[in-house]
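Report on the structure given below.
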Amino acid sequence: MKNNFKLTPVLLFAFVLASITTILSAQAPVPDSPAIEAKAHALVAKLTLEQKIDLLGGIDSMYTHSMPAIDLPRFKMSDASVGVRTWGPTTAYAGGVSLAATWDKGFARALGEALGHDARARSVNFLLGPGVNIARSPIGGRNFEYLSEDPYLNSAVVVPFIEGVQSQGVIATVKHYALNDQEFNRHNASSDIDERTMREIYLPAFEAAVVKGHVDSVMNSYNLINNVHATQNEFLNLKVLKGEWGFQGVLMSDWDATYDGVAAANGGLDLEMPTPRFMNAATLIPAVKAGLVKESTIDDKVMRLLRTEMRYGFTDRPQFDPTVSTYSVADRAVALQGALESITLLKNEGHLLPLDTTREIKTIAVIGPNAYPAVPGGGGSSTAQAFEPVSTLTGIANVAGPNVHVLYSRGLPDMMDVFRQTRWEGGVKVLTFPSRDFTGTPATGNRRNVADFKPNQWEPEDPSPRSIRYTTAFKATEAGKYLLIAAGSGEDAFKILVDGKQVLEQIHAEGQVPKYASIELAAGQSVALQADYLPRAAGSRFGFGFIYEPELVSAEAKQFAKLSEVVVIAAGFDTHTEGEGHDRTFTLPWGQDALIEAVAAINPHTIVTLTGGGAMDTRRWLSKVQALLHTYYPGQEGGTAIAQVLFGQHNPEGKLPVGFDRDWEDSPSQPYYYATPGADTKLHVTETGHKPVDYTIAHINYGDRLMVGYRYWTTIGKHPLYPFGFGLSYTTFSFGNLHAPQTASSGSTVEVSFDVTNTGSVAGAEVAQVYVSDPSTRVIRPERELKGFEKVRLAAGETKHVTVSLDARAFSYWSDSAHKWTIDPGKFVIFVGDSSENTPLHVDVTLN
């Protein structure tokens, strides 16, 4: 179906009308009151201890528990990072990292409202979002769901987002509290961190969500923090969240993130999801009778659930709102707006962009694995099934119009075709052992190839342990590099040896992505291959194969590149290569570097669009292409937005919410990202009705401390490939006329004002960024930190005067000795510019 969706005046009117209707129909929560407290207490008094405990666990995966004794129905939940995805097709938005790339607080509010509409259309009470964890490393598997590397930017956009959701009578759930900054081994990894780093980098967005955004639900994470699981972490849950921040809402677990019923009950958890495996009557009634858990602790949890549900009117009205649409044209406008505002132009050599179809361009080749179908979002629990997602290919064809020929080629073979078409010498010998360590008498067999791979999916563990060894040989027909590709699924593990040397390995983990290695072979050379595979589920979900690198890129793609004036290569990650349960690679998925190199060698007018949650390796080809755009995960309208930016119908305005490193080894988190060798500890877990289990806990040292992202680069005086806050435009801007008081009292608000001018010939948007430096500090601090920003829309030649207020926190650090936020009196420097590294304006302010 041809998709010509644009934000036309008619659709804009529909968007405004829908917004007005929503304002009139929305049922925002009311403040707590003595009447609500009295009613909740009265209901709690009617319940037995067992009935109260029953309310502390979910049911049927996505519901709270009902309680007929007090006429309490169950309430519905949905995953919601980029769309209300749990209950069928929905609008898929440019959320998470894309939202942060807009640097637009007004859009964050609109996005929250749109998700609230979608929730009400599906009778959803709790939205399980937003995620606000810090993008500490570019390989974090869920960075695309989160926001940025910076706590201030996260805080600034999450507050209006939450306000938007909750204004529609839907509870937002900020997650994952806390320090869930990697996906690998997330159930069994401890984030070991000092309090100052935690307070300054990893907690501020949660604090803003609670204190400023008044979020009514918080979700604990899977990981441990300083060797204590989040769901039973008294410091985080009781001292900080419910104590210092005054959180009165519901603290729930992530799904199956509870590990000890008594410890979780005493550690602040209110609701165990999706079922009460640990916080159940069998565990907690004896604990209450033995004095290990106070009944008042149980009462407080039930009060939080009832109080919150009453404030939203869930017990007095249906959650379904007949005034909102399940499929909404107005929401499509929000989805398009987010995609348009987030797309970030990183390179535009020779001003290739915007493309002018009225002159030389008659044929455009659209090539790459992400060109078609659309890639609205990453993988895992955030994946939303969009009603009508627009691919890069269809978006370009629609916007280019009938006078431009659009040619399409995927450019690379399907991975399963590589597995099936590999010619092994003498076939593949298969030994299946009745153990997990390749011992015992194996069953033998032979195969032509190994192509059983299935994308990551959960399947029950096979009760019969097996290990499978594949042995074969491969003979090179030509001299050159051969790509060895292997892939398992879920929690499968494997390792592959070539001529006795290990070249690929996937250890046991929750999820995984395909692995690959490049091997140089001479013509006629044979190599022996051994693949040891440990399946966790029944059957096999494994595959491997060789392909000659010069034959990776299809002849069709090369032909189309030669025939076209311009080539657009859609590359990057997708739901199978970046998602929940596993971290992604810094290098692009297999074959994509070779594809870009080959096409750019044929056609120098090559534009690359990258899909992904952050930085990725561009070293092999960046100097060979003319233009580069980061599209993150642009939601269902991504193809339209990409095309409108390419053809100049929209001036790019996205700014990087994460620094773009040249190399994974350059990342400041790289030395500290994986577990500290030799630091493992044991954890004993007992679940009612099951045998006790001992888990090995890996310890991740947050040794980078405060030096996350741009804080590191600006402090050491070096530069990433593209800095935090960077993004090009089709126009130019300048900053001037900076004013701030020479002196101010510590703790007072400092007003900073300056001019932003569009010095180019077309309208555009600039993000004015304000950084604060503390050269007279008594402790180690980053050279500069983002403390304010404003998105400014300007016509050609227009100037606007901008004022940014810096509160006491903008100048403060967390004092470990004083256990509070502290300002060292003295000189501060305020920088203003368009990225963390380009700050042409600066002024000194002395705080007394």
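What to note about this one:
- A DSSP coil position with no more than 16 other Cβ atoms inside 10 Å describes the following GluC sites (Glu not before Pro) in the stretch 290-393: E360.
- Cα pair distances in the stretch 439-532, grouped into 5 Å bins until the bin that holds the longest one, percent each: 3, 11, 20, 22, 20, 13, 7, 3, 1, 0
- Taking the accessible area of the stretch 765-848, probe 1.4 Å, and keeping the other protein chains in place, the carbon and sulfur fraction comes to 49%.
- Estimated D of the stretch 331-468 in µm² per second, where Rh is the Kirkwood radius over Cα pairs and Stokes-Einstein applies at 10 °C, 1.306 mPa s: 78 µm²/s
- Phi angles across the stretch 311-325 convert, under the Karplus curve 6.51 cos²θ - 1.76 cosθ + 1.60 with θ = phi - 60°, into 3J(HN,Hα) values of 4, 8, x, 4, 8, 10, 8, x, 6, 5, 10, x, 8, 10, 9 Hz, Gly and Pro given as x.
- Alpha carbon Rg of the stretch 758-848, scaled by the compact-globule rule 2.2 N^0.38 Å: 1.29
- Mean projection area, nm², convex hull over Cα of the stretch 330-371: 4.9 nm²
- Viscosity 1.002 mPa s, temperature 20 °C, Stokes-Einstein D of the stretch 362-429 from Kirkwood C-alpha radius, µm²/s: 144 µm²/s
- In Hz, Karplus ³J(HN,Hα) per residue of the stretch 528-538 (6.51, -1.76, 1.60; θ = phi - 60°; x = Gly, Pro): 8, 10, 10, 10, 9, 10, 10, x, 9, 10, 5
- Mean shadow area of the stretch 678-786, taken as a quarter of the surface of its Cα convex hull (nm²): 14.7 nm²
- Between the stretch 747-786 and the stretch 226-305, the alpha-carbon centres lie 42 Å apart.
- Figure note: S325, S554 ranked by solvent-accessible area, largest first, 1.4 Å probe, ligands and nucleic acids not counted: S325, S554.
- Taking N as the residue count of the chain, its C-alpha radius of gyration divided by 2.2 N^0.38 Å amounts to 0.97.
- Dipole magnitude of the chain about its Cα centre (Cβ charges: Lys, Arg +1; Asp, Glu -1), debye to nearest 20: 800 debye
- Among G246, I519, T64 the positive-end extreme of the charge dipole of the chain (Cβ point charges): I519
- Distance between the C-alpha centres of the stretch 73-105 and the stretch 311-334: 14 Å, rounded to the whole angstrom.
- Taking the alpha carbon gyration tensor of the stretch 257-321, multiplying each eigenvalue by 5 and rooting it gives semi-axes of 26, 13, 9 Å, largest first.
- Summing charges over all other residues whose Cβ lies under 14 Å from the Cβ of H176, with Lys and Arg as +1 and Asp and Glu as -1, gives -3.
- Taking all protein chains as they are arranged and a probe of 1.4 Å, the heavy atoms of Y695 leave approximately 90 Å² accessible to solvent.
- Convex hull volume of the Cα atoms of the stretch 412-481, normalised per residue: 130 Å³.
- Alpha carbon centroid spacing (whole Å) that separates the stretch 814-848 from the stretch 677-704: 40 Å
- Here is the list for the stretch 766-796: trypsin sites (Lys or Arg not before Pro) lying in DSSP coil, each with at most 16 other C-beta atoms within 10 angstrom of its C-beta, are R778.
- Computed 3J(HN,Hα) for the stretch 749-761, one whole-Hz value per residue from the Karplus formula 6.51 cos²θ - 1.76 cosθ + 1.60 where θ = phi - 60°, is 8, 9, 8, 10, 10, 6, 9, 10, 10, 7, 8, x, 10, glycine and proline marked x.
- Based on the Stokes-Einstein relation at 25 °C and a viscosity of 0.890 mPa s, and on the Kirkwood radius from alpha carbon pairs, the stretch 486-566 is assigned a translational diffusion coefficient of 163 µm²/s.
- Dividing the summed -39500 (n - 2.57) terms of all DSSP H runs of n ≥ 4 by the residue count of the chain sets its mean residue ellipticity at 222 nm at -6500 deg cm²/dmol.
- Amide hydrogen neighbours beyond the local backbone of T90, cut-off 5 Å, H modeled: Q385, A386, F387
- Close amide H contacts of A473 (hydrogens built in the peptide plane, cut-off under 5 Å, sequence separation of 5 or more or a different chain): E425, L529.
- Taking amide H as placed 1.01 Å from N in the peptide plane, the amide H of F660 sits under 5 Å from that of L721, Y722, F724, each at least 5 places away or on another chain.
- Solvent-accessible area of the stretch 254-372 (1.4 angstrom probe, protein heavy atoms only): carbon and sulfur portion equals 53 percent.
- Cα-based Rg / Dmax (Å) for the stretch 202-336: 17.4, 58
- Evaluated at q = 0.10, 0.15, 0.17 Å⁻¹, a Debye calculation over the C-alpha positions of the stretch 74-179 (equal weights, vacuum) places log10 I(q)/I(0) at -0.24, -0.54, -0.69.
- Cα-based Rg and Dmax for the stretch 586-718, where Dmax is the largest Cα-Cα distance (Å): 21.1, 65
- In a reduced charge model with +1 at each Lys and Arg Cβ and -1 at each Asp and Glu Cβ, the stretch 656-791 shows a dipole moment near 220 debye about its Cα centre.
- Sparse-neighbour loop sites [trypsin sites (Lys or Arg not before Pro); the stretch 566-648; at most 12 other C-beta within 10 Å; DSSP]: R619
The values are calculated or read from the model by the stated rules, or taken from the named source; none is laboratory data. Computed from a prediction, not measured in an experiment: that's the story for all the values here. Cβ atoms come from the backbone with ideal geometry, glycine included; neighbour counts cover every protein chain shown. What goes into the accessible areas is simple: the full protein's heavy atoms, side chains included, and nothing from ligands, DNA or RNA. Shrake-Rupley method; radii C 1.70, N 1.55, O 1.52, S 1.80 Å.
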